[in-house]
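Peer 1: Just dropping this structure here.
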Amino acid sequence: MSSPVVAILMGSKSDYAKIEAAVSILKEFNIAYTVRVMSAHRTPDVVTKFTKSASDSGYKIIIAAAGCAAHLAGVIAAHTNLPVIGIPVQGGAFHGMDALLSTVQMPGGVPVASMSVGSGGGKNAALFAVRILALSDSEIEKKLNVFTEKQREAVIKSDKELQIELNE
């Protein structure tokens, strides 16, 4: 792989298991990435330094995964003009609802794309990053078209199998 173009930042190492699907998608599309642990609350200086230099370091997109108060995506978005994709991590006393609200309720002028709480969040964050990158990379666009067609075919096959089962 070449130099990383997507950074996946997590508030805690324990978040990795919940967003591992994002890494799998980026690998599937052969998109270079970095995964780091940075906390908006415990290491704000590290987050700020990384984020301010991300564009100059070749990153094009930052994915931020955090649970509970989940300010990571917003802090990142405050320090860069790169697209920031937030993944509210499920867990804690509110089962991810607090993370969702912290990620999605950004003030005007500080945009963060917010994905879902739960297992689809990581996968969709990576696929959203793939879609952004496909706008300027024809190879990624071709792979995305194949991926989309495979999903379509799987649903059609599943429906045919169900119809056969129901009509037996």
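Values in this text are rule-based calculations from the coordinates and carry no lab data. Keep in mind that what you see is a predicted model, and the values were worked out from it rather than measured. Here Cβ is always computed from backbone atoms with ideal geometry, including for glycine, and neighbour counts include all displayed protein chains.
Peer 1: Under the classification rounded if a/c is under 1.5, otherwise prolate if a/b is larger than b/c and oblate if not, where does the chain fall, given a ≥ b ≥ c as square roots of the Cα gyration tensor eigenvalues?
Peer 2: In terms of gyration-tensor shape, oblate.
Peer 1: I would also like to ask the following. Need the list of lysines near Lys143 for cross-linking: C-alpha distance under 29 angstrom, and skip anything on the same chain fewer than eight residues off.
Peer 2: Cα-Cα hits under 29 Å: Lys18, Lys27, Lys60, Lys123, Lys157, Lys160.
Peer 1: So for the stretch 6-136, averaging the separation of alpha carbon pairs under 8 Å that are six or more residues apart and normalising by length, what relative contact order in percent results?
Peer 2: Computed over the stretch 6-136, the figure is 27 percent.
Peer 1: A further question follows. Using a 7 Å offset from the Cα along the Cα-to-Cβ direction at both Leu135 and Met97, what is the distance between the two label points in nm, to one decimal?
Peer 2: It is 3.4 nm.
Peer 1: Okay, next question. Based on the Cβ-Cβ distance from Asp56 to Thr148, what FRET efficiency comes out when R0 is 41 Å, to the nearest 0.05?
Peer 2: Computed FRET efficiency for Asp56 and Thr148: 0.80.
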